[in-house]
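Have a look at the structure below before the remarks.
The values are calculated or read from the model by the stated rules, or taken from the named source; none is laboratory data. Since this is a predicted model, take the numbers as computed values, not measurements. Heads up, the Cβs are rebuilt from the backbone with ideal geometry, glycines too, and the neighbour counts pull from every protein chain shown.
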Amino acid sequence: MSAALVDIRGCLTEAGFRALERAAVGKAPAELAAHLAACPRCQDRMLSGRRAPGEAPHAERRTPPPPWRLWLMVGFMILLLVMFAVTLQWLSRR
């Protein structure tokens, strides 16, 4: 296996991953495919999209919810608390 395709620990480098991705289905270099099949660390890196060791996975940037949703939830919680208090009042009168 070429030294450029594996790092010091024997795990695939970015060039190794690219070689696997460029290969046709079933035609990947045997050494790289065998390593990927046996190495949980490289499998995790391949499946999660993390290529550099310690690099965080590529997460999609999420936008915060609109403010009206927060106020809607706060209003709903207040309504539930009022309904609970009214129910307790009604039950204590019986």
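Residue count for segment 7-18 under the criterion of being out of contact with any helix residue (DSSP H, G or I) (no Cβ under 6 Å at 6 or more places or on another chain) and outside any loop (DSSP other than H, G, I, E, B): the result is 3. Here segment 39-68 is the region considered, the condition is being small (Gly, Ala, Ser) and farther than 19 Å from Ala4 by Cα, and the residue that is modelled with the highest pLDDT is Ser48.
Condition test on Leu91, is it outside any loop (DSSP other than H, G, I, E, B), exposed (fewer than 11 other Cβ atoms within 10 Å of the Cβ) and either modelled with pLDDT of 85 or more or basic (Lys, Arg) (or both)? So Leu91 fits the description; yes.
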